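Asks: Handing you this structure, nothing more for now.
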Amino acid sequence: MQTNILEYLDRSAARFPDKIAFGDDKTALTFAQLNDISRRAGTYLASRIGAQEPVAVFMEKTPECLAAFFAAVSAGCFYVPLDTKMPAERIRLIFDTLHPAFVFYDAKNAEAAQAVAGSAQTALFSDAAKTETDDALLGDIRRKHVDTDLLYVLFTSGSTGVPKGVTISHRSIIDWADWLHETLDIDENAVLGNQAPFVFDNSTLDIYSTLKNGATTWIIPKKCFSFHKTMMQFIAEHEINTIFFVPSALISIANSGILDTTQPTTLQRVYFCGEVMPNRQLNMWRRALPRAKFCNMYGPTEITDVCAYYIVDREFDDDEPLPIGGACANTRILILNDENKPVGQDET
């Protein structure tokens, strides 16, 4: 029985050591490199703090940032991604709740990270990753692990505007990654184009589908979402065949007219979640990619990411509502009426 997401990384590093796991427009890490760096920095961390402590990651959205996540997990801790562009006051509010034991930062954000770290220990991640791996220490940590241990915490705005931490366990992500593989055809041949920030739950599809299946994820540069021709060039250059975008990104691309002149023909799967997807723009995408698989997904951060899905299997008029579909495996959906009771079979 699998209990730890790092078992995915172990297997993928053994099967595909030289294959790119995560890359962007500047750097890339193979599975072997990712595993090695994560274990080195995990050793550094484990020699300084105990298991199941919160580790804040204050780094740019890069492959190295993901290695920092897995370093925290190697040490038996849970990671907390931080947006380096968020105001210092918001970070302080998060830290008042979180009380992080440790903060990893990159060179670009060293000063800002140390300014908000408070009593937490800190380290430049690239320095921590030079540590010699202690296999015995990491092995002992892994043996004591259970699948309900925390994997990460994401801080959302919350209904009051005060940051609210959502806790997710290893078991939740294992269920999620397994379902994606079994239902949405994501395997070792998938080449994913990442749009979602790492502080947003949609990013977990890219991250953990890659880890589980030995797939590859390319982090799409932010500029591509403003310059759609550049987006199409990036997708073609990296032969990206799977995207999981928020609808607003898909809508912007469709409304730009780029799909009329430049079809991203490598794309085989177009999945979306986080907002309502209008059929007018969805139909633009479907006309441009008639052989691609489209899926509308729905769910809150608290359910890991998605609890319902609908594979688009028929034509829809522009003004029709798009269904959210049925429940994902190992989830249950309840529809309640105004009295907060389950609706009847014929109740509308």
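The values are calculated or read from the model by the stated rules, or taken from the named source; none is laboratory data. Quantities reported herein were computed from a predicted structural model and do not represent experimental measurements. Reconstructed Cβ throughout: ideal geometry from the backbone, glycine too, with neighbour counts over all protein chains shown. Note: accessible area is taken over every heavy atom of the protein model, side chains too, but ligands, DNA and RNA are not part of it. Shrake-Rupley method; radii C 1.70, N 1.55, O 1.52, S 1.80 Å.
Asks: Which listed residue (Tyr44, Ile258, Leu211) has the Cα farthest towards the positive end of the charge dipole for the chain, taking +1 on Lys and Arg C-beta and -1 on Asp and Glu C-beta about the Cα centre?
Replies: In the chain, that residue is Tyr44.
Asks: Mind checking which of Val162, Val103, Val306 has the largest fluctuation in a GNM of the chain, springs on alpha carbons under 10 Å?
Replies: For the chain, modelled as a Gaussian network with Cα springs under 10 Å, the answer is Val162.
Asks: Here's something else I'd like to know. Hey, what D do you get for the chain in µm²/s if you plug the Kirkwood alpha-carbon radius into Stokes-Einstein at 25 °C and 0.890 mPa s? Spell out each step's value before the answer.
Replies: Numbers: Rh = 21.1 Å.
In µm²/s, the coefficient is 116.
Asks: Here's something else I'd like to know. Evaluate the distance, in nm, between pseudo-label points positioned 7 Å from the Cα of Met1 and of Phe316 along their respective Cα→Cβ axes.
Replies: It is 3.9 nm.
Asks: Gain in length, Asp18 to Asp83, computed as 0.36 nm per residue apart minus the alpha-carbon separation, to one decimal in nm? Write down the numbers at each step before the final one.
Replies: Numbers: separation 65, 0.36 × 65 = 23.40 nm, distance 3.00 nm.
Result for the pair: 20.4 nm of gain on full extension.
Asks: Taking the Cα centroid of segment 244-259 and of segment 167-184, what is the distance between the two, rounded to the nearest whole Å?
Replies: The two parts, judged by their Cα centres, are 27 Å apart.
Asks: Identify, among Pro290, Thr133, Ala196, the residue whose Cα sits farthest towards the positive end of the charge dipole of the chain, taking +1 on the Cβ of Lys and Arg and -1 on the Cβ of Asp and Glu, with the dipole about the Cα centre.
Replies: Selected residue: Thr133.
Asks: Between segment 269-293 and segment 307-324, what is the separation of their alpha carbon centroids in Å?
Replies: So the separation of the two Cα centres works out to 10 Å.
Asks: Calculate what fraction, in whole %, of the accessible area of segment 1-156 sits on carbon and sulfur atoms when a 1.4 Å probe is rolled over the protein chains. Walk me through the intermediate numbers first.
Replies: Working: 3380 of 6690 Å².
C and S fraction of accessible area: 51 percent.
Asks: How much net charge surrounds Phe200 when only other residues with a Cβ under 10 Å from its Cβ are counted (Lys, Arg +1; Asp, Glu -1)? Each step should come with its number before you reach the end.
Replies: Values: positive: none; negative: Asp83, Asp201, Asp305.
Summing Lys/Arg as +1 and Asp/Glu as -1 gives -3.
Asks: Continuing with the same structure: Counting only helical runs of four or more DSSP H residues, what would the 222 nm mean residue ellipticity of the chain come to if each run contributes -39,500 (n - 2.57) and the total is spread over all its residues? Don't skip to the answer; put the middle values down first.
Replies: Numbers: 13 runs with 128 residues, N = 348.
Helices in the chain give a 222 nm mean residue ellipticity of -10500 deg cm²/dmol.
Asks: If Ser226, Ser169, Ser248 are ordered by their accessible area, calculated over protein heavy atoms with a 1.4 Å probe, which sequence runs from highest to lowest?
Replies: On the way: Ser226 85, Ser169 20, Ser248 55 Å².
Result of the area sort, largest leading: Ser226, Ser248, Ser169.
Asks: Using the basic label-point model (7 angstrom from Cα toward the beta carbon), what is the Ala327 to Asp135 distance in nanometres?
Replies: 4.4
Asks: GNM, the chain, Cα, under 10 Å: largest mean-square fluctuation among Leu184, Leu205, Leu66?
Replies: Largest GNM mean-square fluctuation: Leu184.
Asks: Measure nothing but the geometry: give the 0 to 90° angle between the long axis through the Cα atoms of 88-98 and the longest principal axis through the Cα atoms of the chain, rounded to 10°.
Replies: Approximately 70 degrees, to the nearest ten.
Asks: A further question on this structure: How much area per residue is accessible in segment 5-132 when the probe is 1.4 Å and only protein heavy atoms are counted (Å²)?
Replies: Numbers: 5190 Å² over 128 residues.
Counting only protein heavy atoms, the per-residue value for segment 5-132 is 41 Å².
Asks: Something else now. Starting from the Cα of Val162, step 7 Å along the direction of its Cβ; do the same at Thr148; then give the gap between the two resulting points in nm.
Replies: That separation, rounded to one decimal, is 2.8 nm.
Asks: Quote the charge dipole size of the chain about the Cα centre in Debye, to the nearest 20; the model charges only the Cβ of Lys and Arg (+1) and of Asp and Glu (-1). Don't skip to the answer; put the middle values down first.
Replies: Working: 31 positive and 45 negative charges, 132 e Å.
Roughly 640 debye for the chain.
Asks: Next question, about the same structure. Which residue fluctuates the most in the chain, going by a Gaussian network model with Cα springs under 10 Å, if the choices are Phe70, Phe95, Phe78?
Replies: Its mean-square fluctuation being the largest, the pick is Phe95.
Asks: For a label point 7 Å from the Cα of Ala28 along Cα→C-beta, name the residues of segment 179-209 whose backbone N is under 20 Å from it.
Replies: Counting only backbone N, you get 187-196, 206-209.
Asks: In square angstrom, rounded to the nearest 10, how much accessible surface does His228 have for a 1.4 Å probe?
Replies: Taking all protein chains as shown, His228 has close to 30 Å².
Asks: Of all the accessible heavy-atom surface of segment 220-302, with the other protein chains kept in place and a 1.4 Å probe, what percent is carbon and sulfur? Show your work: numbers first, answer last.
Replies: Working: 1920 of 3860 Å².
Answer for segment 220-302: carbon and sulfur cover 50 percent of the accessible area.
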